[in-house]
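Notes follow the structure.
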Amino acid sequence: MCRKQIYFLAPLLLFILSVGACSNSVWDEIPSPIADFISEYFPGSGVSTFNENENNYYVKIKNGPTLIFDKEYSWTEVDGNGVPLPDVFGYDQFPPTLYNYLQGREQQGDVYSVKRDKDYYKLTMHDTVLTYDIKTGKVIYPNGTTADPE
């Protein structure tokens, strides 16, 4: 191999190795169910931070949403940080009656953040907040108005 080729390839190889080593450090800490979730709903996104405590996992996607997962790797909060959440996320992750309600009102693309627990889903929309009660299947607005999505 000629010296010119070595001088060209050596810096290129070092650059590739350093970029690969830096980009994977945070990603490698993330449990695989959470990494799979990110890959499915936010493909091609980098992760800027990942933290965990005794109750939750916290993920901040670069220039994107903040995600909170419980210890069973189920999401409890997804905040788009001012950007609507992907429609496919709502389709896959909301109860069908809630998603169909949003779709019927043409609001499935207006969800900016969502929190959930065993009793409810709380959606922050473009111009309102609504709560979906899992037990009753009703949508509740801040003014107390309820809607039956079925």
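General observations
- Selection within the stretch 53-73 - more than 11 Å from the chain's Cα centre (by Cα) and under 13 Å from Phe37 (Cβ atoms): Tyr57, Asp70, Glu72, Tyr73
- Test: Gly82 is in a loop (DSSP other than H, G, I, E, B) and either farther than 24 Å from Met125 by Cβ or touching a Ser or Thr at 6+ places or on another chain (Cβ under 6 Å) (or both): no
- Residue match in the stretch 126-148 (condition: closer than 21 Å to Phe42 by Cβ and in contact with a strand residue (DSSP E or B) (Cβ under 9 Å, 6 or more places away or on another chain)): yes
- The residue that is farthest from Glu106 (Cα to Cα), counting only those in the stretch 42-51 that are assigned to a strand (DSSP E or B) and open to solvent by 30 Å² or more (accessible area, probe 1.4 Å), is Asn51.
- Within the stretch 52-87, being of a type in the set (Asp, Glu), surrounded by fewer than 16 Cβ atoms within 10 Å (Cβ to Cβ) and touching a strand residue (DSSP E or B) at 6+ places or on another chain (Cβ under 8 Å) holds for Glu52, Asp70.
- Filter result (in a loop (DSSP other than H, G, I, E, B) and within 16 Å of Val111 (Cβ to Cβ)) within the stretch 54-79: Gly64, Pro65
The values are calculated or read from the model by the stated rules, or taken from the named source; none is laboratory data. No experiment lies behind these values; they were computed from the predicted model shown. Neighbour counts run over all protein chains shown; Cβ positions are idealised from the backbone, glycine included. In case anyone asks, the SASA skips ligands and DNA or RNA and just uses the protein heavy atoms, side chains included. Shrake-Rupley method; radii C 1.70, N 1.55, O 1.52, S 1.80 Å.
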